[in-house]
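The values are calculated or read from the model by the stated rules, or taken from the named source; none is laboratory data. Treat the numbers as computed from the prediction; the structure is a model and nothing was measured. Here Cβ is always computed from backbone atoms with ideal geometry, including for glycine, and neighbour counts include all displayed protein chains. Ligands, DNA and RNA are excluded from the accessible area calculation, which covers all protein heavy atoms including side chains. Shrake-Rupley method; radii C 1.70, N 1.55, O 1.52, S 1.80 Å.
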Amino acid sequence: MKENYCLQAALVCLGMLCHSQAFTAERRSHLRPSFHGHHEKGKEGQVLQRSKRGWVWNQFFVIEEYTGPDPVLVGRLHSDIDSGDGNIKYILSGEGAGTIFVIDDKSGNIHATKTLDREERAQYTLMAQAVDRDTNRPLEPPSEFIVKVQDINDNPPEFLHETYHANVPERSNVGTSVIQVTASDADDPTYGNSAKLVYSILEGQPYFSVEAQTGIIRTALPNMDREAKEEYHVVIQAKDMGGHMGGLSGTTKVTITLTDVNDNPPKFPQSVYQMSVSEAAVPGEEVGRVKAKDPDIGENGLVTYNIVDGDGMELFEITTDYETQEGVVKLKKPVDFETKRAYSLKVEAANVHIDPKFISNGPFKDTVTVKIAVEDADEPPMFLAPSYIHEVQENAAAGTVVGRVHAKDPDAANSPIRYSIDRHTDLDRFFTINPEDGFIKTTKPLDREETAWLNISVFAAEIHNRHQEAKVPVAIRVLDVNDNAPKFAAPYEGFICESDQTKPLSNQPIVTISADDKDDTANGPRFIFSLPPEIIHNPNFTVRDNRDNTAGVYARRGGFSRQKQDLYLLPIVISDGGIPPMSSTNTLSIKVCGCDVNGALLSCNAEAYVLNAGLSTGALIAILACIVILLVIVVLFVTLRKQKKEPLIVFEEEDVRENIITYDDEGGGEEDTEAFDIATLQNPDGINGFIPRKDIKPEYQYMPRPGLRPAPNSVDVDDFINTRIQEADNDPTAPPYDSIQIYGYEGRGSVAGSLSSLESATTDSDLDYDYLQNWGPRFKKLADLYGSKDTFDDDS
């Protein structure tokens with residue numbers, strides 16, 4: 001910095017000296033520049049005359065960043081008319097006049113009062129004028145001049161960014177461009193070397209270099225490996241003054257990352273992998289994993305796996321897990337410990353994407369050996385066949401051997417096997433199996449005609465581990481024996497026309513018959529039709545076998561008459577072709593019918609010839625209908641008579657107790673004795689006696705007491721009610737006008753007797769109710785009811 005200040009002071013002095021000489025070298029008649037002419041040849045040979053330029057006074061220079069104690073003399077203004085007597089005053093106006101620049105109004109000297117910075121403002125435009133000091137009258141026109149701020153190297157270079165980030169592929173060639181960094185200098189590039197920059201590298205060697213003039217960073221070493229070092233930190237310097245001593249400098253940091261390329265093949269970390277799988281494992285189950293390491297990243301590090309050799313290629317497969325970059329070994333087919341206990345595979349790992357630039361680095365693949373051991377497992381028994389088919393004849397006796405199933409334990413222990421039948425498949429329990437040897441037998445005779453095939457399932461389980469079991473289907477075919485005789489295929493019926501003896505016989509069969517046999521075809525057709533031996537010479541009909549399992553029935557004579565016989569029953573013997581043959585006798589009905597001249601049936605009824613001698617069919621039907629109607633009427637009449645019941649008590653229809661009397665007028669209270677006639681409640685038939693019951697036979701005849709009966713026209717309701725109660729209590733034969741009287745006969749005929757208390761007044765009970773007289777007026781009615789016995793006795 002001291003050197004900079006000395007240089008600035010020398011430049012200031014040099015500038016002041018030059019400007020002072022410029023103003024004193026020539027005298028100007030005015031403040032404006034003057035010119036001296038000289039000749040110049042113009043167009044068309046014309047000689048032009050140009051004045052010669054004198055000293056250019058209207059441009060001043062001042063050094064920036066001057067920090068001396070006194071103001072800097074910028075320059076001096078002087079007019080030719082100034083005689084030095086002080087009558088002329090110099091005036092300065094324009095940019096910075098009075099603040100930055102001041103003028104001595106007598107001498108015309110201009111000074112800079114402040115430190116100037118070219119980077120803030122490079123020049124100032126001012127106006128100078130000479131005026132009369134006393135009158136301020138302009139003595140000359142105003143003159144414009146410029147003050148330029150002269151640059152010094154006071155600004156260091158600055159980079160556009162404080163830090164830079166760049167990428168370059170690994171293993172790039174020397175000189176590969178990485179990034180360009182740029183710095184700027186605020187100093188004047190047109191003056192000196194203050195803004196001339198030179199770039200250099202301070203950190204990052206020997207891996208990278210930088211071009212001094214352009215700032216381009218390039219690789220300096222070949223084969224830089226990302227897997228060895230991925231990131232580099234480089235420091236770049238920019239220095240002005242062309243990089244010479246005394247120049248200012250600035251630095252920036254550049255982070256350079258090596259991007260990956262596929263320059264590394266995958267490698268297995270070990271040469272052999274050991275795995276194991278249980279023989280009980282199912283296909284698709286994972287056995288183990290292998291992984292080849294590839295230091296590359298992204299798609300350059302993708303690895304795929306394949307089985308290229310080995311004795312287990314048919315039993316195992318390998319897939320690639322792209323998330324973990326592992327090879328997953330899986331079971332492809334079941335393995336058997338007892339068959340083979342170990343397998344070997346050769347697995348290859350290869351890159352998915354290969355860069356041709358680095359193909360010379362070798363094959364981008366690697367192989368490894370995978371050894372897989374098969375582990376023993378407790379397996380269920382295995383049948384020697386996936387299914388069984390056995391045969392047995394129908395009607396075979398119970399206990400007949402159908403066949404055998406056989407299973408064994410595939411494990412080395414070879415556990416004993418126990419057999420059983422799945423009863424869900426043998427609901428009728430036709431078969432049984434020996435649990436030790438697997439022989440299947442029948443439990444009852446089988447009928448092929450009911451079921452020709454029977455399907456069952458047999459279980460085989462280890463004795464020591466019942467959970468280990470296997471199941472096999474067994475189909476049993478029931479073989480046919482000739483145990484069914486043939487029969488008519490349909491209920492046949494023949495018809496023959498009655499005719500006279502002279503009419504010739506017809507060659508057409510009366511009926512064609514066929515047979516059906518439930519047995520198999522081997523024991524069925526061919527059917528043979530014939531007449532029984534005892535009627536083989538039947539005079540009426542004969543049977544002709546057509547030898548195609550059918551036969552025709554023909555008439556041997558004519559002259560059939562319905563009056564003599566309208567129905568013939570013809571036995572026919574049918575035999576099958578089984579060994580031994582079976583036969584059956586079937587009866588064919590042949591009716592004699594009336595026919596027209598063309599042989600068409602008219603009627604087969606035998607009554608047709610007797611209708612003229614008796615009644616017609618319509619008359620008979622009418623007679624039967626009349627008889628049925630009479631019977632229905634009689635039955636209805638009897639039923640209605642039985643449903644009609646006689647009343648238990650005989651009384652006249654005029655009995656007022658069955659009448660309902662409605663009064664619409666309001667009663668007059670207790671004083672109204674004419675609103676209701678008490679005689680209505682009286683039994684007109686019971687005044688002079690009692691009404692006997694018809695449903696029982698009284699044990700004794702009750703004679704009413706005359707003294708207890710009220711007068712017929714009495715209106716005393718209390719007397720009437722008391723009288724009726726006494727009659728009901730003392731007369732067991734009284735009719736049940738009140739429904740409560742029904743319970744008076746509840747216990748009749750029972751050993752325990754009646755439970756009703758209604759007859760308590762007439763029974764010889766030991767209960768004494770006289771104490772009710774002492775209970776007060778609330779119990780007076782009960783005392784009168786149950787104490788009436790003594791009262792009656794007293795009255796008598």
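If you filter the range 305-342 down to residues that are touching an Asp or Glu at 6+ places or on another chain (Cβ under 6 Å) and not hydrophobic (A, V, I, L, M, F, W, C), you find that the one that is farthest from Lys267 (Cα to Cα) is Asp336. Just so you know, in the range 379-398 the residues that are surrounded by 16 or more Cβ atoms within 10 Å (Cβ to Cβ) and among the acidic types (Asp, Glu) include one that is modelled with the lowest pLDDT, and it is Glu379. Hey, can you tell me all the residues within the range 315-334 that are within 30 Å of Glu170 (Cα to Cα) and either assigned to a strand (DSSP E or B) or open to solvent by 50 Å² or more (accessible area, probe 1.4 Å) (or both)? Matches in the range 315-334: Thr320, Asp321, Tyr322, Glu323, Thr324, Glu326, Gly327.
Here the range 162-216 is the region considered, the condition is being in a strand (DSSP E or B) and β-branched (Val, Ile, Thr), and the residue that is surrounded by the most Cβ atoms within 10 Å (Cβ to Cβ) is Val210. Scanning the range 517-536 for residues that are out of contact with any strand residue (DSSP E or B) (no Cβ under 6 Å at 6 or more places or on another chain) and at pLDDT 85 or above yields Asp517, Lys518, Arg526, Pro533, Glu534, Ile535.
Scan the range 106-150 for residues that are aliphatic (A, V, I, L, M) and farther than 14 Å from Glu95 by Cα and jot them down.
Correct list: Ala130, Val131, Leu139.
Among the residues of the range 64-83, those that are within 22 Å of Ala130 (Cβ to Cβ) and of a type in the set (S, T, N, Q) comprise Ser79, Ser83. Within the range 183-197, the residues that satisfy the criterion of being over 9 Å from Asn153 (Cα atoms) and of a type in the set (Ser, Thr, Tyr) are Ser184, Thr190, Tyr191. Of everything listed in (1) at pLDDT below 85; (2) crowded, with 16+ Cβ neighbours inside 10 Å, the single unmet condition for Lys106 is (2). Please determine whether any residue of the range 123-132 is assigned to a loop (DSSP other than H, G, I, E, B) and open to solvent by 40 Å² or more (accessible area, probe 1.4 Å). For the range 123-132, residues assigned to a loop (DSSP other than H, G, I, E, B) and open to solvent by 40 Å² or more (accessible area, probe 1.4 Å): absent. May I ask you to verify whether Gly312 is open to solvent by 20 Å² or more (accessible area, probe 1.4 Å) and in contact with a Leu (Cβ under 9 Å, 6 or more places away or on another chain)? No.
The listed residues are Phe337, Phe358, and the only one of them that is open to solvent by less than 40 Å² (accessible area, probe 1.4 Å), over 27 Å from Arg429 (Cβ atoms) and part of a loop (DSSP other than H, G, I, E, B) turns out to be Phe337. Determine if the range 531-543 includes at least one residue that is in contact (Cβ under 8 Å) with a residue 40 or more places away in the chain and of a type outside the set (Phe, Trp, Tyr). Checking the range 531-543: at least one residue is in contact (Cβ under 8 Å) with a residue 40 or more places away in the chain and of a type outside the set (Phe, Trp, Tyr). Output yes when any residue across the range 245-263 is of a type in the set (Val, Ile, Thr), open to solvent by less than 70 Å² (accessible area, probe 1.4 Å), modelled with pLDDT of 90 or more and part of a loop (DSSP other than H, G, I, E, B), and no when none is. Looking through the range 245-263, at least one residue is of a type in the set (Val, Ile, Thr), open to solvent by less than 70 Å² (accessible area, probe 1.4 Å), modelled with pLDDT of 90 or more and part of a loop (DSSP other than H, G, I, E, B). Only one of the numbered conditions (1) over 30 Å from Asp151 (Cα atoms); (2) outside any loop (DSSP other than H, G, I, E, B); (3) of a type in the set (A, V, I, L, M, F, W, C) is not met by Ala238, and that is (1). Scanning the range 283-297 for residues that are over 20 Å from Val370 (Cβ atoms) and open to solvent by 60 Å² or more (accessible area, probe 1.4 Å) returns Pro295, Ile297. Here the condition is being under 30 Å from Ala280 (Cα atoms) and touching a residue at least 24 places away in the same chain (Cβ under 8 Å); of Val401, Val347, Val352, it holds for Val347 alone. Residues in the range 340-355 that are farther than 12 Å from Ala292 by Cα and β-branched (Val, Ile, Thr) were compared, and the one that is most open to solvent (accessible area, probe 1.4 Å) is Ile354.
Scan the range 196-208 and tell me whether some residue there is at pLDDT below 90 and farther than 17 Å from Ser172 by Cα.
Among the residues of the range 196-208, at least one is at pLDDT below 90 and farther than 17 Å from Ser172 by Cα, which makes the answer yes.
Residues considered: Met224, Met275. Of these, the only one that is under 60 Å from the mean Cα position of the chain (by Cα), at pLDDT 95 or above and either in the same structural domain as Tyr343 (by the TED database) or open to solvent by less than 30 Å² (accessible area, probe 1.4 Å) (or both) is Met275. The residue pairs whose first member lies in the range 59-79 and is in contact (Cβ under 8 Å) with a residue 12 or more places away in the chain and polar (S, T, N, Q), whose second member is open to solvent by 20 Å² or more (accessible area, probe 1.4 Å) and in a loop (DSSP other than H, G, I, E, B), and whose beta carbons are closer than 8 Å, counting only pairs six or more residues apart or on different chains, are Thr67/Thr115; Ser79/Arg28; Ser79/His30; Ser79/Leu139.
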